[in-house]
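Enquirer: Below is a structure I'd like to ask you about.
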Amino acid sequence: MRFVLSTFLTFALATWMMICAPANAFAGAIAPSAVSTLSVSTLPLSTLPLSTLPGLQGVFTGTRPDNLGVNEGHLANCPATPNCVVSQGADADHAIPPIFYEGDRAIARKNLIDILGVVPRTQIMEQTDDYVLAQSESRLMGFVDDTEFYFPADESVIQVRAAARMGESDLGVNRRRIEQIRLAFNDLVKRTAVQP
């Protein structure tokens, strides 16, 4: 019974996606001249966009929290929900180490911005000499996460905070995103140090 219900729901979701998707949603998957002559039903599933499900775009974006930014040298604390990590003053469930760097803060900031430029479905919303705010959107449902990076003037660290705007749990997505950014940052630093 469980298998039948699961199969039915999967089929219903796929059908709903095909019916609700506007024809222009497939513009990136097909030559622009062919978009107007195709119907959704003639497209293979492999050409469907992998972003937000049709009809749900904007539903799960939430509003940008008021507590973003640096306040007295600190990023905001995490709420009690498990969908947030922060490198400053967090409890054990929300703690994540900052990103360490050596050398010039401006170069570290440039490296971080270069990395954020290639993180999927992520865009920089705000940046100053000591702060960067990025916004990431989940692929399927369009949930929005805010990721902050703070460069204190007196330390060679990048303090980080990442939080989902909506929901109770993010299934560890924000923690993994920060760790992936950390790995990319360290890799970029190593590669640029080796180049003549």
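Enquirer: Ranked from highest to lowest mean number of other Cβ atoms within 10 Å per residue, what is the order of the peptides 164-177, 91-104?
Expert: Highest to lowest by the protection proxy: 164-177, 91-104.
Enquirer: May I ask you to evaluate 6.51 cos²θ - 1.76 cosθ + 1.60, the Karplus curve with θ = phi - 60°, for each residue of the stretch 179-193 and list the ³J(HN,Hα) values in order in whole Hz, giving x for glycine and proline?
Expert: 5, 5, 5, 4, 4, 5, 4, 5, 5, 5, 4, 5, 5, 6, 6
Enquirer: Once the Cα atoms of the stretch 57-189 are picked out, what are the Rg and Dmax in Å?
Expert: Every Cα atom of the stretch 57-189 included, Rg and Dmax give 13.9, 43 Å.
Enquirer: Give me the one-decimal nm value for the distance between modelled label points at Gln180 and Ala106, 7 Å along each residue's Cα-to-Cβ direction.
Expert: Once both label points are built, they end up 3.1 nm from each other.
Enquirer: Can you give me the distance in nm between label points at Asp114 and Asp154, each placed 7 Å from the Cα along the Cα-to-Cβ direction?
Expert: The modelled label-to-label distance comes out at 3.1 nm.
Enquirer: Starting from the amide H of Met166, placed 1.01 Å from N in the peptide plane, find each other amide H under 5 Å away whose residue is 5 or more places distant or on another chain.
Expert: Result for Met166 returns Val144.
Enquirer: I would also like to ask the following. Taking H placed 1.01 Å from N in the peptide plane, check which residues at least 5 places from Glu126 or on another chain put their amide H under 5 Å from its amide H.
Expert: Here the answer is Leu133, since their amide H atoms fall under 5 Å of that of Glu126.
Enquirer: Report the label-to-label distance for Arg139 and Arg121 in nanometres (one decimal), using points 7 Å from each Cα along the Cα→Cβ vector.
Expert: 0.8 nm
Enquirer: Cα centroids of the stretch 62-96 and the stretch 114-132: how far apart, whole angstrom?
Expert: First find each Cα centre; the distance between them is then 18 Å.
Enquirer: What full-extension length gain, to one decimal in nm, is calculated for His74 and Asp187 as 0.36 nm per residue of separation minus the Cα-Cα distance?
Expert: That works out to 38.0 nm of additional length.
Any read-out appearing in this document is the output of simple, stated calculations on the displayed coordinates, not a laboratory observation. Note that this is a predicted model, so its numbers are computed, not measured. FYI the Cβ positions are ideal-geometry reconstructions off the backbone, even for glycines, and counts take in every protein chain you see.
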